[in-house]
Amino acid sequence: MTNTTIRARRAVALGTASVLALSFGTAVNAADIALMISDVDGKAAIIQEFAERYQAINPDVTIKLNVVGYDVIREQLSVQLEAGSGPDMAFVTNLGGLNPFYLDLTPYVDAAAWEAAYGAVLPWYRAGKPDGIFGFHTEMTVTGPYVNLTMFEEAGVDLPAPGATWEDWAAATQQVMDNVGSYAGMVMDRTGHRMAGPAMSYGAKYFDADGKLIVDEGFRTFSQMMLDWHASGLMPADIWPAVSGSKYANGNEMFFNQDVPFYMSGSWNAANVLNNVGDKFDWAVAPVPCGPAGCGVMPGGTGLVGFAGTDAPEAVAGFISWMAEKEQAREWYARTYAIPAHAELQKEGLDYVAAGADERVAEGLNAFAKMAVAAAEQTPQAYALQGSPVNFVIFNATAQFLGEAMNGNLTLDEAMAKIEEEIATKAN
C-alpha cells in the first residue's frame, strides 16, 4: 500500500471537513531527517512518539531527534544554518528572525487549508514577506504570572483583584515578603520579551509611525520600575543583574523553591510548574497586572519549521504537514498543555484534563487564553512585535543594558541610549 493510499484512507475515515487535510498527500521519498528540539519543557518524549507513528505509515522516512539545550537553539542554531550544518527541521521560538533559512512549504501543502487553520499566526513566520507557509505553530503562548497561594495565605495578604496594577502587585508581594521572610517578592525571566507586555501597559509603543523600533517614554517608565524593584530587593539580584550580556535566565527554581510568591513567566510553563511544585504548595495563574495603557502581555510561541538547506524537502514538509492536521494538532496541543493556534480548535476548546492535565493547569491555560484576547484589543503592538524579524534586537538589548543599569554600570539614561544605539545599528 502506498503512502498516498494510506493518507487518502485516513482522510476518508475521519472526514475531510473535520480533518482539514493540510498536505496534498504525495508520496514521500526515502529520507533520513534530523529534528532539533529543546527539552526544557519535557516535549521531546512526546514528539518522539509522533515521529514513530509517522514513520510507521511512512517507512521510507527516518526521523532522528537531536535534543539540545534551549540556548543552543536561541544562540547557535542560526550560526549552524548559516554554515550549512544545521538540522533539517527544528522547534524554534525566533519565528520571524530565522525566516531567511526556512523551507517554504507552499509547494508541498494545501495553502488554502493552512490559511484557514493557521492564518492568524502565519505572518509571524513570514518576516514581512507577503506570502509563504513556513511552519506549524506548535504552541500558542502568552506571558503572564504564577503566584504561590500558600505564601499569600500564610502572610495574610489578599491577592490583588483583576485589573490591579503592577504597583498594586509590587505592594502586595512586598507585604508577603516582609511577613513570611521570603528571599524576594517578584521575579521575571531575564529577557526583553517578558518585559515587553508590562512596558506596553505603561504606554510603550515599540514602533513609530513608519514601523521602526523605538524606545519611548512608556518603555522608560517601566524600565525605571524594574530598576527600583531590584534596588529595593523586591526583585532578586540573581536573575537580571547576575547574568552578563543578553543571556537568558529564568526564575523557575526561585518559584519552585518558594523564594518568591510571584513569577512572571508564561503559558508554556504550566506543566513544568505542576511537575516541579507537586504538593509543596498551592499555586495559580493570576491575571496579568495592568497599567494606564492596558494589561499587556506578549503572545508568541513555538513553531516546527523546516530549513531550506535540507536534502529532503518533501520528507520534511510531509512530517510538518502531518503534524499540523487537525487530529494530530488536537492531540499535540492537549498533551503538551498548549493553547492551540488552529482556528477550529480554538473555537472548540481542548479537554486538557482528559489528556492528563491537572485542574490547575487547565484553569491556568484558560486564563492565559483570556489574556491573549485582551492583549489583542488593548496592546495590539504586542502582536506586531512578535512578528517582527528584528524583535530580538530590542529584546536582547533590553536584557543586556537594563541588566548593566541594575548593576550600577550604567545610568538609566545611558542604558536607554545604548538600547537606541543597538536598534539604530541592527534593526532600523
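A simple rule links phi to the HN-Hα coupling: the Karplus curve 6.51 cos²θ - 1.76 cosθ + 1.60 with θ = phi - 60°, which for the stretch 412-420 gives 4, 4, 5, 5, 4, 5, 5, 5, 4 Hz, with x for Gly and Pro. Set the bar at 29 Å for Cα to Cα. Now go through Lys280/Lys347; Lys247/Lys347; Lys43/Lys280; Lys205/Lys326; Lys205/Lys418 and name every pair that lies beyond it. From Lys280/Lys347; Lys247/Lys347; Lys43/Lys280; Lys205/Lys326; Lys205/Lys418, over 29 Å: Lys280/Lys347; Lys247/Lys347; Lys205/Lys326. Among Gly192, Gly387, Gly278, the residue with the largest mean-square fluctuation in a Gaussian network model of the chain, with springs joining Cα atoms closer than 10 Å, is Gly278. For the stretch 88-216, the fraction of C-alpha pairs more than 21 angstrom apart is 60%. Net length available on complete extension from Glu167 to Ala242 is 24.6 nm, with 0.36 nm assigned per residue and the Cα-Cα distance removed.
Put simply, the amide H of Ser265, placed in the peptide plane, has neighbours under 5 Å in Gly144, Tyr146, leaving out anything fewer than 5 places away on its chain. Around the amide H of Asn66, modelled in the peptide plane, lie the amide H atoms of Leu35, Met36, Ile37, all under 5 Å away and 5 or more residues distant in sequence or on another chain.
Using just its DSSP H runs of length 4 or more, each adding -39500 (n - 2.57), the chain gives a mean residue ellipticity at 222 nm of -13500 deg cm²/dmol after division by all residues.
Averaging the sequence gap over all C-alpha pairs within less than 8 Å and six or more residues apart, then dividing by the number of residues, gives the chain a relative contact order of 25 percent. Note on the stretch 305-371: Rg/Rh from C-alpha atoms, Kirkwood Rh, equals 1.10. So how far, in whole Å, is the C-alpha centre of the stretch 189-246 from the one of the stretch 337-411? With the stretch 189-246 and the stretch 337-411 each reduced to a Cα centre, they are spaced 16 Å. The angle separating the long axis of helix 391-406 from the principal Cα axis of greatest extent in the chain is about 30 degrees.
Expressed as a rounded percentage, what relative contact order does the stretch 235-377 have, with Cα pairs under 8 Å and six or more residues apart? Answer for the stretch 235-377 is 28 percent.
The angle between the Cα long axis of helix 166-180 and the longest principal axis of the Cα atoms of the chain comes to about 70 degrees, rounded to the nearest 10.
Computed over the alpha carbons of the stretch 145-228, Rg followed by Dmax gives 15.2, 51 Å. Helix 359-378 and the longest principal axis of the Cα set of the chain meet at an angle near 80°. Working note: Debye formula, equal point scatterers on the alpha-carbon atoms of the stretch 32-112, no solvent; log10 I(q)/I(0) at q = 0.12, 0.17, 0.24, 0.25 Å⁻¹ is -0.39, -0.79, -1.26, -1.29.
Taking the DSSP bridge list for the chain and keeping only pairs wholly inside it, about 65 percent are antiparallel. Histogrammed with a bin width of 10 Å, the alpha carbon distances of the stretch 287-428 distribute as 10, 24, 31, 23, 12, 1 percent, first bin at zero. Quick note on the stretch 250-365: its Rg to Rh ratio, both from C-alpha atoms and Rh being the Kirkwood radius, is 1.04.
Between Phe222, Phe50, Phe392, the GNM of the chain built on Cα springs shorter than 10 angstrom shows Phe50 fluctuating the most. Placing a label point 7 Å from the Cα of Gln55 along the Cα-to-Cβ direction, no residue of the stretch 301-343 has a backbone N closer than 13 Å.
Here, the chain is characterised by an Rg to Rh ratio of 0.98, where Rg is the alpha-carbon radius of gyration and Rh the Kirkwood radius. Sorted from greatest to least, the principal axis extents spanned by the alpha carbons of the stretch 184-302 come out as 50, 29, 27 Å. With each label modelled as a point 7 angstrom along the Cα→C-beta vector, the Ala343-Tyr183 pair spans 4.7 nm.
Taken together, the values in this text are just the output of simple stated rules run on the coordinates, not laboratory data. A quick note: this is a predicted structure, and the numbers were derived from the prediction, not measured. Heads up, the Cβs are rebuilt from the backbone with ideal geometry, glycines too, and the neighbour counts pull from every protein chain shown.
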